[in-house]
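Derivation of every value follows stated rules applied to the coordinates shown; laboratory data play no part. Keep in mind that what you see is a predicted model, and the values were worked out from it rather than measured. Neighbour counts run over all protein chains shown; Cβ positions are idealised from the backbone, glycine included.
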Amino acid sequence: MKAINFSLIDQNNKVHSLKDYQGQWVLLYFYPKDDTPGCTKEACGFRDHLNELKKHSVVVLGVSADSVESHQKFALKYHLNFPLLSDVNKEVIKKYQAWGKKKFMGKEFEGILRISYLINPQGEIVKKYEKVKPESHPQEVLNDIQNYEKQK
């Protein structure tokens, strides 16, 4: 399935479009909120695995509905070394089915789902990660990239 193109602004006010990354792997990950426990674990995991992911030509793009300013604070606080894209209108979030029903402490509500997509260099979605575990997700992505490379 072809990945849907988008253009969003990162924490440094730079515009990123999916088409800018053609020829590279892209891990497009959606997360609920800056500076919350699970989102921080996941972001720091990608930060810590980024050099290894880059060796495999993987670009990591995080997306949430937080503002550019919120992303700036989050990235500075945790020394995040990849773009955090701001989708305050939730247009890209909804196009990628990362908006839906959630449960927390017995209450049901709508919000951003922790979903990721692995997009190949041709712009095709090769894997959708649902019910992501923040602690292990970066290693899971790295393992999958290594497996795709072995299949070549």
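Ranked for footprinting exposure by Cβ neighbours inside 10 Å, fewest first, 149, 108, 140 give 108, 149, 140. Distance between the modelled labels on residue 48 and residue 152, one decimal in nanometres: 2.8 nm (7 Å Cα→Cβ projection).
Please give the helix 137-151 orientation as an angle from the longest Cα principal axis of the chain, in degrees from 0 to 90, rounded to the nearest 10. Value to nearest ten degrees: 20. Rounded to the nearest 10 degrees, the angle from helix 68-78 to the longest Cα principal axis of the chain is 70 degrees. Taking each residue as 0.36 nm, the span from residue 33 to residue 125 lengthens on full extension beyond its C-alpha to C-alpha distance by 30.7 nm.
Quick one: angle between helix 37-55 and the longest Cα principal axis of the chain, in degrees between 0 and 90, rounded to 10, please. Between the helix axis and the principal axis of the chain, the angle is about 20 degrees. Computed from label points 7 Å out along Cα-Cβ, the spacing between residue 101 and residue 14 is 4.1 nm.
With semi-axes √(5λ) of the Cα gyration tensor in Å defined as stated, name the option among (1) 38, 15, 13; (2) 22, 17, 16; (3) 25, 19, 14 computed from the structure displayed. Among (1) 38, 15, 13; (2) 22, 17, 16; (3) 25, 19, 14, the one derived from this structure is (2).
Quick check on the exposure proxy: order 112, 119, 9, 4 from fewest to most C-beta atoms within 10 angstrom.
Details: 112 22, 119 25, 9 18, 4 13.
Going from least to most buried by this count: 4, 9, 112, 119.
In segment 52-152, the DSSP beta bridges split such that about 75 percent are antiparallel, to the nearest 5. When shorter helices are ignored and each DSSP H run of at least 4 residues is given -39500 (n - 2.57), the per-residue value for the chain at 222 nm works out to -10500 deg cm²/dmol. For the pair residue 143 and residue 67, a Förster radius of 35 Å applied to the C-beta separation gives a FRET efficiency near 0.60, rounded to the nearest 0.05. Sorted ascending by nearby beta carbons within 10 Å, beginning with the fewest, 29, 129, 148, 96 become 148, 129, 96, 29.
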